[in-house]
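Here is the structure we will look at.
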Amino acid sequence: MEARLRRAFLRPILEEEPLASRVLTVATSPYARLAFAGVAGAVVVWGVVNAVTAVGAMNRGIERPVVATATVAAAKPVPPPPPPPAFVFDAPLPGRVVNSPFGLRQMPWEENGRLHEGVDIAAPAGAPVHVATDGVVVRSGTSSTYGRFVEVAHKDGFRTFYAHLGRDAGLKSGTFVRRGATVAYVGDSGRSTGSHLHFELRNKGGLPLNPVLFMGKSFAEADDLPLKAAAKVGSKVRLAQVSRWPDGVKARDAEGQVTRVKGGRVRVRINVIDG
Ligand SMILES: [Zn+2]
């Protein structure tokens, strides 16, 4: 009973021609094919026209900027960045002053002037000493006159020398040091007259140069280095003013009598003749 009812209900639907077959019938009729071909043809033509237009537009787009860029480049050439300077020298104790310059100098206990082969920069003991320019530590040790010292070799045969040190920074020979690196600490060792750094700069021939002409300066090329000016030694002899005499030197009293220093310290006034 139930099955028969369902069949009766479904029969009209099943007996109807399916929608898909009707569409197929319409599509396969000669008129429909003609119409379809016409529409397809129109779509193809539209596509081709569009493509041609688009390519044309793209070509125009490409051509214009190329021409424009070439014109701008010719009018305003971009200069290449300047090369870094060939030589850069820092002061070993930045911000501190040279209190005994390069040149002929007579110490109060000496008979004649002699060349002070570097500069003296006063600084408190323990102040870090910075290497003036990139280099390699070549020597460190102790001398009776210079006290503790460190020597650094630089490009083009330059050498810097740091003396009367409290201590070095423990850098072994052959250690590469960048400009500004701490190579030592200020002290009062050797034949020193107070806490200071004795700083020398020499050329590849070992000739002492006036470090003041290099400290805190950059040079674009080797030709710009003030080598001649820095090697010049004036005829003026400066009598050094010292805060105390070094241990073991002889002192002269007011009458010009030479007396031995006791305990290394002399408490007499030293007249400074600075021409
Ligand atoms: Zn000195």
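Summary table
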item	result
Residue pairs, from the table 172/236; 76/228; 155/232, whose Cα atoms sit over 31 Å apart	172/236; 76/228
Scaled radius of gyration (Cα, divided by 2.2 N^0.38 Å) that segment 152-227 gives	1.19
Förster-model FRET efficiency, 25 Å R0, residue 176 and residue 224, C-beta, rounded to 0.05	0.50
Relative packing of 75-85, 198-208, 181-191, which averages over residues the other C-beta atoms within 10 Å, highest first	181-191, 198-208, 75-85
Total charge dipole magnitude, segment 145-229, about the Cα centre, Cβ charges on Lys, Arg, Asp, Glu only, Debye to nearest 20	200 debye
Computed over segment 88-233, Kirkwood Rh from alpha-carbon pairs, angstrom	15.2 Å
Debye, to nearest 20: dipole size of segment 88-233, +1 on Lys, Arg Cβ, -1 on Asp, Glu Cβ	200 debye
Net length gained if the chain between residue 96 and residue 145 were fully extended (0.36 nm per residue, minus Cα distance)	15.3 nm
Extreme residue, positive dipole direction of segment 88-233, given options 175, 194, 210 (C-beta unit charges)	175
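Since every read-out is calculated from the coordinates, none of them should be taken as a lab result. Quick caveat: nothing in here was measured; it's all calculated off a predicted structure. Note: ideal-geometry Cβ built from the backbone for every residue, glycine included; neighbour counts use all protein chains shown.
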